[in-house]
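Following: one structure in structure tokens, then a few remarks.
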Amino acid sequence: MLSRVAENLYWISRYVERAENVARLLDVGFHLELDAAGLDGDAAGTDPAPIASVLSILACRDSFERAHGPGPLDREAVLRFLTFDRANNQSILSMLGHARENARATQETISADAWLQLNRLHFYVRGRKARRRFLDSPPRFLQGVKRACILFDGLVDGTLPRTEIYHFLQLGRHLERASQISRILSVKLHGLREGGPVVESPLRIVHWSSLLWSCAAYEAYLRDYHDRVDPEGVVRYLILDPEFPRSIRFCVARCLESLRAISSGDGYGSEAERCLGRLDSELHYIAPSEIFDRGLGSFLSGVQDSCNKIGDEIHRAYFFT
Amino acid sequence: MAMTPQDDRLFSRYGLTGYDEMFVAPGRLRPHYAPLHHRLVSLGPEEIAHRHRAADLMMRNQGITFTVYGREQGVERIIPFDPVPRLISAPEWDQIERGLTQRVRALNLFIHDVYHERHILRDRVVPLELILGASGYRRECVGLRVPRDIYIHVSGIDLIRDAEGTFLVLEDNCRTPSGVSYVLKNRQVMKQVFPLLFAAHNIRPIDDYTTNLLAVLRHIGPPGVDEPVVAVLTPGVYNSAYFEHSYLARRMGVELVEGRDLFFDSGQLFMRTIRGPQRVDVLYRRIDDDFLDPMTFRSDSQLGVPGLVAAYRSGRLGLANAIGTGMADDKGVYPFVPEIIKYYLKEDPILPNVETFRPQIPSHRQHILENLEKLVVKAVDASGGYGMLIGPASTAEQREEFARRVTDNPRGYIAQPTISLSQHPTLIDDHLEGRHVDLRPFVLYGETIKVLAGGLTRVALPQGSLVVNSSQGGGTKDTWVLRGGPPKRPEAN
């Protein structure tokens with residue numbers, strides 16, 4: 001496979017994953033703000049506004065302030081910035097645009113079905129219909145985007161043979177996902193740390209639940225843990241659960257699988273594979289208590305650093321030939 | 001065959017001018033169009049318009065677009081698709097097929113001769129200076145042996161019909177003609193949008209095009225290579241025909257490469273892959289000669305590959321089409337093609353040329369200058385509908401300008417009588433009107449010469465317009481080559 005094509009494929013799925021992630025975060029944030037409004041206004045004061053916190057998760061708070069000036073965050077402005085703003089690289093529109101451009105340049109490799117889906121989604125988000133839907137109901141718009149992204153993943157899954165093409169798509173998708181989960185956890189935990197014990201505030205339970213919703217993990221978590229949402233359980237689930245498709249461990253394992261399928265032990269195995277293997281074993285063997293002892297924040301930033309390094313090494317091994 | 005009263009709405013504003021593909025005379029159908037006409041009328045205007053929109057949406061969603069230059073980054077558009085198919089009867093097609101095969105065979109012999117022995121030039125059948133001045137002529141190809149002596153692997157020869165309905169060759173495209181992907185896609189879309197209409201006709205399939213193309217490309221692989229690695233070379237995603245490049249690569253199951261994906265090493269071309277360099281044996285290149293190799297041609301080209309021509313010369317790379325074929329589709333050479341056919345094949349041309357005047361001949365020049373308002377004047381090295389004067393639609397100022405150009409540079413222009421292209425029923429809003437059409441069939445030359453059973457019918461959408469190029473606002477139609485006798489009458493629905 002051409003290096004250029006491999007790089008395109010890897011980025012297509014990273015962009016789609018990011019777009020889906022932004023849509024989900026905003027959707028959850030939107031619901032959370034509605035809940036907060038229904039609860040006690042004071043309680044909401046200490047916690048970061050959920051929609052605004054999406055800026056931090058995506059690391060684009062600075063660029064937002066550059067575009068809109070400092071001062072209190074205007075919810076509508078943040079929403080627009082992250083959905084339809086062409087000037088913002090992290091907006092849903094921009095990311096789907098990038099994904100589509102990459103796919104257009106590689107359409108002969110991905111299946112016609114997958115290409116059609118991405119192309120259609122991009123046209124939709126760019127068009128008037130999407131704006132109208134957004135004005136009527138932001139959650140409906142966001143859920144539509146989310147589903148459309150998942151449909152793309154599904155079409156990739158259901159129509160592509162398990163060749164390098166498929167594995168580069170998986171690699172991009174899961175590396176992006178692992179990295180996003182660690183960011184979501186860092187940012188949301190940072191906000192929660194300052195408050196009092198969970199039991200005392202219904203709003204804080206809402207926040208912990210929202211953390212699960214942000215990773216599409218709420219129902220799966222409850223099935224596994226039965227009783228109520230508790231911080232340690234949430235952390236353990238989102239980082240270490242081996243079965244849940246949006247836990248860091250699960251994503252890292254899929255990355256490793258795909259990278260191994262690509263390298264198939266032909267000597268191009270690379271530094272990327274070594275880093276991934278190491279992260280994978282760490283997540284496999286680490287005890288939850290160890291994570292808390294080490295400090296959740298520093299553990300998570302370690303995961304993010306590894307993800308970044310793995311990304312760099314993938315580039316070095318396959319795209320710069 | 002007579003029309004019935006309920007035709008009213010769909011055909012109420014339909015007027016006949018020149019040769020009409022569907023009607024012999026008002027209300028009288030050509031027999032092979034009868035079932036189509038019947039079906040269109042029974043569907044009715046709303047249903048046709050509805051399906052037309054469905055077809056557009058399909059094209060859009062599938063990214064079947066071309067890029068219009070001019071604005072900042074180029075805007076992607078779909079080519080307007082007209083849902084009323086064009087029908088070509090079996091005897092008509094038989095003549096076209098034989099005529100194209102003959103023409104392509106002769107042009108191929110001609111190119112080979114010009115780059116080698118030059119018999120035809122020595123015998124003064126074609127003037128030497130005409131060839132040396134042709135924009136597609138490449139000195140670098142003199143004496144160069146190309147695989148299997150084939151130059152024009154893929155050609156698209158534009159045909160029109162005059163007022164009597166005779167098919168004439170309007171121009172030869174022997175470099176890298178575009179449009180075949182629209183032929184294939186239009187067919188797919190028609191099958192989905194008008195399945196029963198389709199089923200009622202006995203239409204020759206076109207799906208084998210990409211298989212045949214791949215066979216042609218494999219045929220020109222380097223000697224000794226059993227399974228040649230084939231790739232399609234594109235200028236990239238911003239090229240107006242990118243969709244086509246990508247579509248053909250996909251349908252052939254080969255890599256689509258850009259210049260930056262390739263490099264030359266030890267006499268051979270390689271692709272940069274995730275497993276390191278991989279050899280490439282044959283390129284279906286969709287980049288013009290000038291941009292192929294900065295070491296041989298334009299040194300400022302970012303699109304090509306340094307060393308590509310060296311690999312080609314040494315016989316370790318097959319190229320389709322060969323370098324230097326553009327000489328044969330120079331409009332200055334065009335008037336000589338009937339002579340070229342007679343010279344090499346000792347046969348009379350099956351498809352005639354359009355009468356053509358050459359300003360280099362004094363009597364022709366005088367005729368041109370005196371009749372500018374009746375003629376179409378074309379620059380010999382322009383394409384895509386640029387650099388033309390359409391006499392009847394021109395202003396005095398434009399005619400003066402072209403008179404000057406023709407006088408200053410007689411080699412640079414040809415002139416032809418304005419031929420009112422045949423017209424075909426075309427959907428305009430909610431009814432049918434006659435619009436001018438041409439036809440670009442595609443010819444493949446490998447072990448044998450194969451003509452794709454159909455072609456791109458381009459339609460000039462603005463009323464009265466004779467310009468069918470997509471870059472000038474033209475649309476396309478599906479083209480059905482009918483097999484055997486007249487088609488069955490379709491059932492209801």
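For the criterion of being within 25 Å of the chain's Cα centre (by Cα) and closer than 14 Å to B:Leu444 by Cβ, B:Ile203 fails.
Restricting attention to the range A:138-171 and to residues that are closer than 26 Å to A:Leu32 by Cβ and open to solvent by 30 Å² or more (accessible area, probe 1.4 Å), the residue that is farthest from the chain's Cα centre (by Cα) turns out to be A:Arg140. For the range A:113-122, filtered to residues that are open to solvent by 20 Å² or more (accessible area, probe 1.4 Å) and within 7 Å of another protein chain (Cβ to nearest Cβ), the residue that is nearest to A:Phe141 (Cα to Cα) is A:Arg120.
Let's see how each residue does on (1) more than 14 Å from chain A (Cβ to nearest Cβ); (2) modelled with pLDDT under 95; (3) open to solvent by 10 Å² or more (accessible area, probe 1.4 Å); (4) not in a helix (DSSP H, G or I):
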| site | (1), (2), (3), (4) |
| --- | --- |
| B:Ile48 | yes, yes, no, no |
| B:Ala55 | yes, yes, no, no |
| B:Arg77 | no, yes, yes, yes |
| B:Glu117 | yes, no, yes, yes |
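Note on the range B:230-265: among residues that are open to solvent by 40 Å² or more (accessible area, probe 1.4 Å) and within 17 Å of A:Phe319 (Cβ to Cβ), the one that is farthest from the other protein chains (Cβ to nearest Cβ) is B:Phe263. Residue pairs whose Cβ atoms lie under 6 Å apart, separated by 6 or more positions or on different chains, with the first residue in the range A:52-79 and over 16 Å from A:Glu33 (Cα atoms) and the second of a type outside the set (A, V, I, L, M) and open to solvent by 40 Å² or more (accessible area, probe 1.4 Å), are A:Ile57/A:Arg183; A:Leu58/A:Gln90; A:Cys60/A:Gln90.
Considering every residue within the range A:236-250, establish whether at least one is modelled with pLDDT under 95, out of contact with any strand residue (DSSP E or B) (no Cβ under 6 Å at 6 or more places or on another chain), open to solvent by 10 Å² or more (accessible area, probe 1.4 Å) and farther than 20 Å from A:His174 by Cα. No: zero hits.
All conditions in (1) open to solvent by 40 Å² or more (accessible area, probe 1.4 Å); (2) more than 27 Å from the chain's Cα centre (by Cα) hold for B:Pro392, with the sole exception of (2).
Taking the stated definitions as given, is B:Leu345 within 21 Å of B:Tyr445 (Cα to Cα) and open to solvent by less than 40 Å² (accessible area, probe 1.4 Å)? Yes. Within the range A:272-318, being within 14 Å of another protein chain (Cβ to nearest Cβ) and either in contact with a Pro (Cβ under 6 Å, 6 or more places away or on another chain) or surrounded by fewer than 17 Cβ atoms within 10 Å (Cβ to Cβ) (or both) holds for A:His315, A:Arg316. Would you pick out the residues in the range A:62-112 that are surrounded by 14 or more Cβ atoms within 10 Å (Cβ to Cβ), within 14 Å of chain B (Cβ to nearest Cβ) and part of a loop (DSSP other than H, G, I, E, B)? Passing the criteria: A:Ala105, A:Thr106, A:Gln107, A:Glu108, A:Thr109, A:Ile110, A:Ser111.
Considering only residues that are of a type in the set (A, V, I, L, M) and in a loop (DSSP other than H, G, I, E, B), which ones fall in the range B:6-46?
B:Leu16, B:Met22
Quick check on B:Gly332: is it closer than 30 Å to B:Arg103 by Cβ and surrounded by fewer than 18 Cβ atoms within 10 Å (Cβ to Cβ)? Spelling it out, it is not the case that B:Gly332 is closer than 30 Å to B:Arg103 by Cβ and surrounded by fewer than 18 Cβ atoms within 10 Å (Cβ to Cβ).
Against the numbered list (1) open to solvent by less than 30 Å² (accessible area, probe 1.4 Å); (2) away from chain A (no Cβ under 14 Å); (3) assigned to a helix (DSSP H, G or I), B:Met59 comes up short only at (2). Checking each residue in the range B:266-285 for being away from every other protein chain (no Cβ under 11 Å), touching a residue at least 12 places away in the same chain (Cβ under 8 Å) and surrounded by fewer than 22 Cβ atoms within 10 Å (Cβ to Cβ) picks out B:Gly267, B:Gln268, B:Arg279, B:Asp281. The condition of being under 20 Å from B:Leu170 (Cβ atoms) and outside any helix (DSSP H, G or I) holds for only one of B:Leu421, B:Leu427, B:Leu432, that being B:Leu421.
Of all residues being among the hydrophobic types (A, V, I, L, M, F, W, C) and open to solvent by 10 Å² or more (accessible area, probe 1.4 Å) in the range B:168-190, which is farthest from the chain's Cα centre (by Cα)? Just the residue, please. Here the residue is B:Leu168. Looking at the structure I just gave you, is B:Thr407 part of a helix (DSSP H, G or I) and either of a type in the set (Gly, Ala, Ser) or in contact (Cβ under 8 Å) with a residue 24 or more places away in the chain (or both)? Against the criterion (part of a helix (DSSP H, G or I) and either of a type in the set (Gly, Ala, Ser) or in contact (Cβ under 8 Å) with a residue 24 or more places away in the chain (or both)), B:Thr407 qualifies.
The values are calculated or read from the model by the stated rules, or taken from the named source; none is laboratory data. Everything quoted here is computed from the prediction, not taken from an experiment. Ideal geometry is used to build each Cβ from the backbone, glycine not excepted, and the neighbour counts take in all protein chains shown. Ligands, DNA and RNA are excluded from the accessible area calculation, which covers all protein heavy atoms including side chains. Shrake-Rupley method; radii C 1.70, N 1.55, O 1.52, S 1.80 Å.
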